[in-house]
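J.: Can you keep this structure in mind? I'll have questions shortly.
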Amino acid sequence: MHNPARILLAPLALGLFGLGFTGVPAAWAQEPVAKETAAQGSVAAPAIVPSETAIGFIYRPEVAPSSYDAEAVPEDEGVAGARMAVKDNNNTGRFTKQTYRLDEVALEPGSGRDGGQKAVAAARDLAGRGIRYLVVALPADEVLAVADALKGQGVTVFNIAAPDDRLRGADCRRNVFHVIPSRAMQTDALAQFFTLMRWRKMFLIVGPQENDRLYAEAFKNSARKFALKINAEKPWTFGPLAKARGDTPTRSEAMVFTRGVDYDLAVVADEAGDWGDYVPFRTVDPRPVAGTQGLIATTWHPMLETWGAAQAQNRFRRQSGRLMRPLDYQAWAAVRSVGEAATQKKTADPAVLAPYFAEPTFSLPAYKGVSLTYRPWDHQLRQPLIVVQPKALVSVAPEQGFTHQRTPLDTLGIDLPETTCKFAD
Amino acid sequence: MSRGFRAGAPGTVLGLALLAGPSLAGLSLAGVSPAQAYTVYVTNEKGNSVSVIDTETMAVTGTWKVGRRPRGVTTSKDGKELFVCASDDDRIDVLDTSTGKVVRSLRSGPDPEQFILGPQGNLLYVANEDDSQVTVIDVEKNKVLAEVPVGVEPEGMGLSPDGKILVNTSETTNMAHFIDTTTFAVIDNVLVDARPRFAEFTADGKYLWVSAEVGGTISVIDVAARRVIKKITFKIPSVNDEAIQPVGIRITKDGTKAFVALGPANRIAVIDAKTYAVEKYLPVGQRVWQLAFTPDQKLLFSTNGSSNDISVVDVAAEKVVKSIPVGLLPWGVAVSPN
């Protein structure tokens, strides 16, 4: 449902693509990108090289750990995936006369109100320089602040880090697309697997942070949806024991607090990764652990190699010198969404692409065996999730047998009849 | 059906032909007759080996060690050499088919995945999956003649029957790149559906078929106009649309019939190559990817990655007649020319 008048703004650019795709033998495909004509730049702001599509990326690098941390978050988490995607976009762009650039903004540590203001300032600055695609690796409140600050400016915001269901519900925004699966999708994926395994009785352990409460909430909804029983729910009150050193005396009360519960599986809600990894093999009864640790549902994992994922894993490792993480993958998918839409529409005109992302004809191949699309009702990326333990892929959701009139992918997360999202114009 | 095969030593192909009906029987008697046996080579991606199958006995006669992650495979024109992409070793292994030993390796560029041999048998066109390029190698001299930049994750390689146009498909760029084999320049690009895996010219050189694994379609491209003229889609009762992932394509020399491997749908589609109507689906092993005919086109072999076997299809009867266990994660398949 794009506006035809907008397309007319770039007639020459379209003409060029037409030439390439309709088969007049042209040698341009091998020429270096520098030989651009200025004709394609009709929609770009003055500060940007005419033919180039700039994609903004705002993130807050993790502070390096003070001492040894085997699993420290790399400083380039997320942005490294965006860099790879820009390369992929440019490679394809050689054949479509489209070029891309990543404009990265690394914010100072510390979110909160101050951080939110800095994120908004960075977003305004990028938009002022003509950027119309903005990828943000920020918490939910900052995603909203950025989206609202850019409202009406024709900027499409890709949320790659905030799984909050409210961003797909009551707080949804028309200018925001969510690449990261919502918490509801993550817990539905696990619940489907438990259903398949006939593990019905859940023991839910909830961490002290707000995000943990939200994860637990999502899991309870999933349990209702797939008829699992929450046999017990207890708060985790023993501190970040997973971060404690190995020679720290074992906290006996943490071990015994699982006593006397009748359950098939312990589900931990610990999004910060403070204590969830402490639970496996420390429960009184021998029970598997899942949730935010143990068996998890996610977008990417070093163990994923099917559907061409091995190629992406290799390409990423060669570029970044480390393994690809979920946030890297989500950043990659966001930037590739822009590139893929531009290839499919034969233009990078934001006025054409912004509404196109939500159309069913847009699809993103992203190493998941199926094309990914954005749900039109809340702009959430539909995607299979991998159910994985630290050393092996266990399953892929949606599981066999979970069907849906539209696509099995819509058995994960909030479906159209349940959505509370109403896009304000 | 498979019992007939196992029982017979010589004469099994004939026996099968008789089962299939008079038309094929006549053909078989006139042309191939009982003794025409071929050798089938299957690369085992996780087994780092090639399984060797005799079409007369339909049994594995050998397992040859090759480099790591063997995928694309083809034979020399005279059948004396076998070329195998050893993707993780960044080279192409050349095996002596009389001994099963690697006699030399070709400098293929990084991560060779698929390749196609030129009509003279001296040039090998290689898709370097991790490196977004096509490498052209002189087989005798082991020399790189050209490196052609293409899209992200190049894979499918098709060559026009006259050898003048090479087509490479790039899985993440989603294009068929047309390359002039005299200048090694990309002359055109045709956008197809998501994740194009394989490119196959019709024998008359007029059409190019390209499979899209994630898109779930076959694009038929008019080679002269370089335009998609038909998109073939698939629908299988009781199989999710998402599981229908076309990969390997083979079209009979007479241009009447096409076979398409449908990945995790565990089926091969049989298509009328003139009308593009999908006629039937043949159930094969799990995650079927690559296909190869015998030179007489009486049999078709498919690699079934997840079930670690290959399926044998009687082309005229359009029936699966046997499955043969091979190594771990079979990927590519080639049949000896004689």
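Only the coordinates and a few stated rules stand behind these numbers; no lab work does. Please read these numbers as outputs of a predicted model, since none were measured by experiment. Cβ: placed from backbone, ideal geometry, glycine included. Neighbour counts: every protein chain shown.
J.: Hey, how much of the P(r) for the stretch B:121-174 falls beyond 13 Å, as a percent of Cα pairs?
T.: Result: 56 percent of Cα pairs exceed 13 Å.
J.: Which entries of A:Lys87/A:Lys151; B:Lys77/B:Lys141; B:Lys46/B:Lys101; B:Lys80/B:Lys164 show an alpha-carbon separation above 21 angstrom in the structure shown?
T.: A:Lys87/A:Lys151; B:Lys80/B:Lys164
J.: List the lysines whose Cα lies under 28 Å from the Cα of B:Lys280, skipping any in the same chain that are fewer than 8 positions away.
T.: Partners within reach: A:Lys368, B:Lys206, B:Lys230, B:Lys231, B:Lys235, B:Lys253, B:Lys257, B:Lys298, B:Lys319, B:Lys322.
J.: To the nearest whole percent, what portion of all C-alpha pairs in chain A is separated by more than 39 angstrom?
T.: 21 percent
J.: Over the Cα atoms of the stretch A:190-288, what is the Rg over Rh ratio if Rh follows Kirkwood?
T.: 0.96
J.: Something else now. What are the radius of gyration and Dmax of the stretch A:125-210, computed over its Cα atoms and given in Å?
T.: Every Cα atom of the stretch A:125-210 included, Rg and Dmax give 16.7, 54 Å.
J.: Give me the inter-chain shielding for B:149-156: mean count of other chain Cβ atoms within 10 Å, whole number please.
T.: The mean count of partner-chain Cβ atoms within 10 Å per residue comes to 5.
J.: Another question, then. What is the local net charge at B:Ala317, summed over the other residues whose Cβ is closer than 14 Å to its Cβ (Lys, Arg +1; Asp, Glu -1)?
T.: Neighbourhood net charge equals +2.
J.: Hey, another quick one. Give me the distance in nm between label points sitting 7 Å out from Cα along the Cα-to-Cβ direction at A:Met197 and A:Arg318, one decimal.
T.: Going by the 7 Å Cα→Cβ label model, 3.7 nm.
J.: Eigenvalues of the Cα gyration tensor times 5, then square-rooted: what semi-axes does that give for the stretch B:224-266, in whole angstrom, largest first?
T.: The answer is 23, 14, 9 Å, longest axis first.
J.: Within 10 Å of each residue's Cβ, count the other Cβ atoms and sort B:Ser132, B:Ser105 from fewest upward.
T.: B:Ser105, B:Ser132
J.: Less than 16 Å from a label point 7 Å out along the Cα-to-Cβ axis of B:Glu140: which backbone N atoms in the stretch B:99-130 qualify, by residue?
T.: B:118-124
J.: Where the centroid of each part is defined by its Cα atoms, how far is the stretch A:176-227 from the stretch A:323-363 in Å?
T.: Cα centroid of the stretch A:176-227 versus Cα centroid of the stretch A:323-363: 28 Å apart.
J.: Also: How crowded by other chains is B:233-242, given as the mean number of beta carbons from other chains within 10 Å of each beta carbon?
T.: 2
J.: Same structure, new question: What nm value, rounded to one decimal, do you get for the distance between A:Ala64 and B:Tyr276 when each label is placed 7 Å out toward the C-beta?
T.: Computed distance between label sites A:Ala64 and B:Tyr276 equals 5.8 nm.
J.: Another one. Run a plain Debye calculation on the stretch A:358-408 (Cα atoms as equal point scatterers, no solvent) and give log10 I(q)/I(0) at q = 0.14, 0.20, 0.29 Å⁻¹, rounded to two decimals, same order as the q list.
T.: -0.43, -0.80, -1.20
J.: Moving to a separate point now. Averaged over its residues, how many other protein chain Cβ atoms are within 10 Å of peptide B:184-195's Cβ atoms?
T.: Rounded to a whole number, the mean comes out at 6.
J.: Quick one: in the stretch A:334-425, what % of C-alpha pairs are over 19 Å apart?
T.: 49 percent
J.: If you count, for each residue, the other Cβ atoms within 10 Å and average over each peptide, how do B:114-121, B:150-157, A:371-378 line up from highest to lowest?
T.: B:150-157, A:371-378, B:114-121
J.: With the radius of gyration and the Kirkwood radius both derived from the Cα set of the stretch B:188-329, what is their ratio Rg to Rh?
T.: 0.95
J.: Can you report the principal axis dimensions of chain B using only the alpha carbons, biggest first, rounded to whole angstrom?
T.: 51, 44, 36
J.: Starting from the Cα gyration tensor of the stretch B:121-216, multiply each eigenvalue by 5, take the square root, and state the resulting semi-axes largest first in whole Å.
T.: 21, 16, 11
J.: Expressed in whole Å with the largest first, what are the equivalent ellipsoid semi-axes of the stretch B:187-239 derived from the C-alpha gyration tensor as the square root of 5 times each eigenvalue?
T.: 21, 12, 9
J.: In vacuum, with every alpha carbon of the stretch A:271-333 counted as one equal point scatterer, what does the Debye formula give for log10 I(q)/I(0) at q = 0.15, 0.26, 0.30 Å⁻¹? Two decimals, please.
T.: After summing over all Cα pairs, the log10 values are -0.60, -1.07, -1.25.
J.: Taking Rh as the Kirkwood radius computed over C-alpha pairs, what is the Stokes-Einstein D of the stretch B:60-123 at 20 °C in a medium of viscosity 1.002 mPa s, expressed in µm² per second?
T.: After rounding, the answer is 182 µm²/s.
J.: Calculate the all-directions average of the projected area of the protein assembly as shown's alpha-carbon convex hull, and give it in nm².
T.: 34.2 nm²
J.: A further question follows. Normalised by the residues of the stretch A:73-206, what does the relative contact order come to in percent, with Cα pairs under 8 Å and at least six apart?
T.: Relative contact order of the stretch A:73-206: 15 percent.
J.: Pick from A:Phe362, A:Phe193, A:Phe281: which residue has the top mean-square fluctuation in a GNM of chain A where Cα pairs under 10 Å get a spring?
T.: Highest fluctuation of the listed residues: A:Phe281.
J.: Taking only Cα atoms and a 10 Å spring cutoff, compute GNM fluctuations for chain B and point out the largest among B:Ser238, B:Ser87, B:Ser211.
T.: In the Gaussian network model the winner is B:Ser238.
J.: Ok, one more. Below 8 Å between Cα atoms, with a sequence gap of 6+, how large is the relative contact order for chain B in percent?
T.: Once divided by the residue count of chain B, the mean separation gives 12 percent.
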